[in-house]
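Here it is, the structure in full.
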Amino acid sequence: MERYVHMGSFTKPHGIAGEIVLDWYGDSPFSPSMDVFVQQGDGEPIPIVIDHVRTKNGRLLLHIQGIADRNAAEGLRGKKVFTKRSSLPPLDSDEAYIVDLLGAEVVLKNGSCVGTFSHILSGTGGTVWSITSPDGTEILFPAEPAFIHAFDREHTRIIIDPPEGLLELYQTQ
């Protein structure tokens, strides 16, 4: 069975000709030649065909085959965009796909447990990871390379080096 990877989400229509804004989560640029799928609710992702892509003010604008006007594009608002796992490029030894790390244990360099990597928050000016601590507290972690020490894919673990004082903000009294 083919695995799909959540790569972005449609946010809002743009103009009257059926274009829609795509928030792209991938580090690599969006390519209209990719196999692209959209998910309706919790159903199986269905394929879509991209007619053209352009950028405006740093945002991706897509025109999808069969979407002729703003009202049709509005129907895509909030829908998740996927690609096939098999179409993703191979990784270097110091890289990992986020989809493979969801649910991973998050630890400090000294090995002490911070929590479990639960999901990503986007659209906040940068990538933020939500980590659930052992007591259930949500820790918002800036997923900047300077704060990520390593990925231990063998043990499904993320080793972090957070900015000074960050974790103390989440300690309960």
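Could you list all residues from segment 30-52 that are buried (at least 16 other Cβ atoms within 10 Å of the Cβ), at pLDDT 90 or above and farther than 12 Å from Y4 by Cβ?
Answer for segment 30-52, where residues must be buried (at least 16 other Cβ atoms within 10 Å of the Cβ), at pLDDT 90 or above and farther than 12 Å from Y4 by Cβ: I48, I50.
Looking at E74, E105, which is the one that is closer than 14 Å to I160 by Cβ and either among the charged types (D, E, K, R) or surrounded by 12 or more Cβ atoms within 10 Å (Cβ to Cβ) (or both)?
Numbers: E74 fails: closer than 14 Å to I160 by Cβ.
Answer to the selection: E105.
Then there is this: Check G58, G66 and return the single one that is surrounded by fewer than 11 Cβ atoms within 10 Å (Cβ to Cβ) and within 22 Å of I120 (Cβ to Cβ). First the steps, then the outcome.
Details: G66 fails: within 22 Å of I120 (Cβ to Cβ).
Criteria check complete, one pass: G58.
Taking segment 151-171, which residues are exposed (fewer than 14 other Cβ atoms within 10 Å of the Cβ) and outside any helix (DSSP H, G or I)?
We begin by selecting, within segment 151-171, every residue exposed (fewer than 14 other Cβ atoms within 10 Å of the Cβ); these are 154-155, 161, 163-165, 168-169, 171.
Within segment 151-171, E154, H155, D161, P163, E164, G165, Q171 meet the criteria.
Now for a separate question. Restricting the search to segment 12-47, which residues are under 16 Å from F82 (Cβ atoms) and β-branched (V, I, T)?
The answer is I20, V36, V38, I46.
Could I ask something else about it? Being among the hydrophobic types (A, V, I, L, M, F, W, C) and over 19 Å from the mean Cα position of the chain (by Cα): is that true of I50 here? Working first, answer last.
On the way: among the hydrophobic types (A, V, I, L, M, F, W, C): yes; over 19 Å from the mean Cα position of the chain (by Cα): yes.
Here the answer is yes, as I50 does meet what is asked.
Scan segment 112-120 and give yes if some residue there is of a type in the set (A, V, I, L, M), part of a loop (DSSP other than H, G, I, E, B), farther than 23 Å from D23 by Cβ and touching a Phe, Trp or Tyr at 6+ places or on another chain (Cβ under 9 Å), otherwise no. Break it down stepwise before answering.
Let us first name the residues in segment 112-120 that are of a type in the set (A, V, I, L, M), namely 114, 120.
Filter again for part of a loop (DSSP other than H, G, I, E, B), leaving none.
Among the residues of segment 112-120, not one is of a type in the set (A, V, I, L, M), part of a loop (DSSP other than H, G, I, E, B), farther than 23 Å from D23 by Cβ and touching a Phe, Trp or Tyr at 6+ places or on another chain (Cβ under 9 Å), which makes the answer no.
The values are calculated or read from the model by the stated rules, or taken from the named source; none is laboratory data. On a predicted model such as this, the values are computed, not experimentally measured, just so you know. Note: ideal-geometry Cβ built from the backbone for every residue, glycine included; neighbour counts use all protein chains shown.
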